[in-house]
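Quick notes on the structure that follows.
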Amino acid sequence: MAARARMRVSAIGQNGMTTAFTSDDCDVLARALSAAWDMFVRSGRLHAYNLDTAKAALARAVLDAFEAGERNVRRLAVRAVANMAAFEAQVIRHRPPIAAEDRRARAHKH
């Protein structure tokens, strides 16, 4: 029997380990993220202040639930939307700083 191909995806868990996912795992994760995004947008919680962090926080929440053993796409999505706020601070901490000229441009828009 042929061995399943494994795709390396850099996912840092709470223990700092990198996880390897199969292509089937990646399919489940992609479908769960898509479903979570749809749920989140329909909930009316997408705003200007979280536009740049929402999808990354949802992705991290999906990965967290997946790493905890959940494999059902819908449950992964629901759990990600419910727990997204817990991951927004991590996303904000790890995003690159805004360049000074970008800050000035944003300030002039308001």
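What the table below lists for this structure:
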{"read-out": "Lys, Arg +1 and Asp, Glu -1 on Cβ, resulting dipole of region 24-93 about Cα centre, debye, nearest 20", "value": "260"}
{"read-out": "Long-range HN-HN contacts of Thr22 with modeled amide H, under 5 Å", "value": "Met7"}
{"read-out": "Tensor-based shape of region 24-93 (alpha-carbon gyration tensor, a/c under 1.5 rounded, otherwise prolate or oblate)", "value": "prolate"}
{"read-out": "Extension gain from Ala86 to Arg31, taking 0.36 nm per residue of separation minus the Cα-Cα distance", "value": "17.7 nm"}
{"read-out": "HN-Hα J in Hz across region 20-36 - Karplus 6.51, -1.76, 1.60, θ = phi - 60°, x for Gly and Pro", "value": "9, 10, 6, 5, 5, 4, 4, 5, 4, 5, 5, 5, 5, 5, 4, 5, 5"}
{"read-out": "Point-to-point label distance, Arg42-Arg95, nm (Cα→Cβ direction, 7 Å offset)", "value": "2.6"}
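Taken together, the values in this text are just the output of simple stated rules run on the coordinates, not laboratory data. Keep in mind it's a predicted model, so treat the numbers as computed, not measured. Quick reminder, even Gly has a Cβ in these numbers, built from the backbone with ideal geometry, and neighbours come from all protein chains shown.
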